[in-house]
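Reviewing the structure listed below.
The values are calculated or read from the model by the stated rules, or taken from the named source; none is laboratory data. As the structure is a prediction and not an experimental result, all values here were calculated from the model. Glycine also receives a Cβ, built like all others from the backbone with ideal geometry; neighbour counts cover every protein chain displayed. The protein model used for the area step is the full one, side chains on, heavy atoms only, and it has no ligands, DNA or RNA in it. Shrake-Rupley method; radii C 1.70, N 1.55, O 1.52, S 1.80 Å.
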Amino acid sequence: MAKIKLEYIWLDGYFPTQNMRSKTKVEEHENFQGTVEELDMWSFDGSSTRQASGGSSDCLLKPVAIYPDPARINGYLVMTEVLNADGTPHVSNGRATIEDEDNDFWFGFEQEYFIMDSKTQLPLGFPIGGYPAPQGMYYCSVGGKNTHGRLLVEKHADLCIDAGLNFEGINQEVASGQWEFQLFAKGAKKAGDEIWIARYLLDRLTEQYGYYIDYHPKPLGKDMDWNGSGMHANFSNTTLRTCGSKETYEKICEAFRPVVKEHIAVYGEFNDQRLTGDHETASINDFSYGVSDRGASIRIPIITVEKGWKGWLEDRRPASNGDPYKIAGRIIKTVKSANIS
């Protein structure tokens, strides 16, 4: 019998931006295979996470995905859904609302974020009481003058890959101290699971560096002339991957037009500070789409067109602090509503 460490991870009840919570369960197992089926439900004090009252505080944790924990011996990362005491999904449980039981929808998320110095509470590269050189030289930069935080970013990439996530890349972004990683998954729920696990690994890693991660889409304030942080959502289903029809693509894009408010409602807090129409964004009050247009709400990738209208779409509106479960769920609902034969 070997003792294993199971880190149960869940999303709390704070609104509109949820936080990750986790706690460790140590169990003895013989020949543990690392599958969800081997895991038990657990519970926690929901009154401490805005998910229950003190008089009836138990909430349940239902394991839905498991990954090796590369930073622990005999450790595993367990993503869970929060359930009420009667076993029904808690109101904070966005994963349970995703209508993609056959995993027909594929998602690739581009997670941007700022690395913040815990002492100065400023992004890396920012001097106290001033500003670094204007943005322009930081994007995909090399060298200590413009690149800040690479050791953390490289270590995070290694942890994600070792955990078995479908990690696809990293790059420094347009502002100083701003970075991005990319993940892809077949199945909306799996895509959300992997983003949350990657965020967990990143946040936990900062504890060793004296940093913290800021997912706020405009951590420097809405009036600062710096790019904000987003989480662009690249998505497809069988229709988008195979239709070969410009008309079908346009009908799917048009399905997003009447539900702009519904999308913005789940695309992340403070997104109005980012979606201004500047810095490679469309205005939060408008809706547009176009081929290779990074200033549009939805970009039709040029590769999709070159392959005869077979590929994917990119919704550029989601903010860096958005919940990938809720974002994917809303996108799926809209795509399914498109009037295509």
Given the pairs 251/310; 189/251; 119/218; 189/218; 246/307; 3/62, which span a C-alpha to C-alpha distance of over 18 angstrom in this model?
189/251; 119/218; 189/218; 3/62
Overall dimensions of segment 184-233 as given by Cα atoms, namely Rg and Dmax in Å:
13.8, 38
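Report the full-extension gain for the segment residue 131 to residue 72: residue separation times 0.36 nm, less the Cα-Cα distance, to one decimal in nm.
Stretched fully, the residue 131-residue 72 segment lengthens by 17.4 nm.
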Could you tell me which of 8, 273, 43 has its Cα farthest along the dipole of the chain towards the positive end, charges placed at Cβ (Lys, Arg +1; Asp, Glu -1), taken about the Cα centre?
273
Return the percentage of antiparallel bridges among DSSP beta bridges fully within segment 217-341, rounded to the nearest 5 %.
70 percent
Distance between modelled label sites at residue 285 and residue 101, nm, 7 Å Cα→Cβ extension:
4.3 nm
Aspartates and glutamates within cross-link reach of residue 336: Cα-Cα under 13 Å, excluding same-chain residues under 8 positions apart?
99, 100, 104, 254
Taking the mean number of other Cβ atoms within 10 Å as a proxy for protection, how do you rank 185-197, 121-133 from highest to lowest?
185-197, 121-133
Accessible area in the full protein assembly, largest first, 1.4 Å probe, for 45, 12:
45, 12
Sort 261, 336 by heavy-atom solvent-accessible area, probe 1.4 angstrom, most to least.
261, 336
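Rounded to the nearest 0.05, what FRET efficiency do residue 31 and residue 186 give with R0 = 35 Å and r taken as the Cβ-Cβ distance? Could you check?
Plugging the Cβ-Cβ distance into 1/(1 + (r/R0)^6) gives 0.75.
Rank these residues by their accessible area, most exposed first, probe 1.4 Å: 48, 57, 176.
Result of the area sort, largest leading: 48, 57, 176.
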Between the modelled labels at residue 56 and residue 262 (7 Å from Cα along Cα→Cβ) the distance in nm is 3.1 nm
Can you give me the accessible area per residue for the chain, using a 1.4 Å probe, in Å²?
45 Å²
Protection proxy ranking, peptides 137-145, 316-324, 14-22, 228-236, average beta carbon neighbours within 10 Å, highest first:
316-324, 228-236, 14-22, 137-145
Please compute the modelled spin-label separation between residue 2 and residue 162, points set 7 Å along Cα→Cβ, answer in nm with one decimal.
1.6 nm
How much of the accessible area of segment 216-305, probe 1.4 Å, is carbon plus sulfur, in whole percent?
46 percent
Row for segment 59-145, column shape: gyration tensor on C-alpha, a ≥ b ≥ c, rounded if a/c < 1.5 i.e. under 1.5, prolate if a/b over b/c, else oblate; value prolate
Largest first and rounded to whole Å, the semi-axes √(5λ) derived from the alpha carbon gyration tensor of the chain read 31, 27, 20
Calculate, for residue 238 and residue 272, the FRET efficiency according to 1/(1 + (r/R0)^6) with r their C-beta to C-beta distance and R0 41 Å; round to the nearest 0.05.
0.75
Report in % the part of the accessible area of segment 52-163 that belongs to carbon and sulfur, leaving out ligands and nucleic acids; probe 1.4 Å.
53 percent
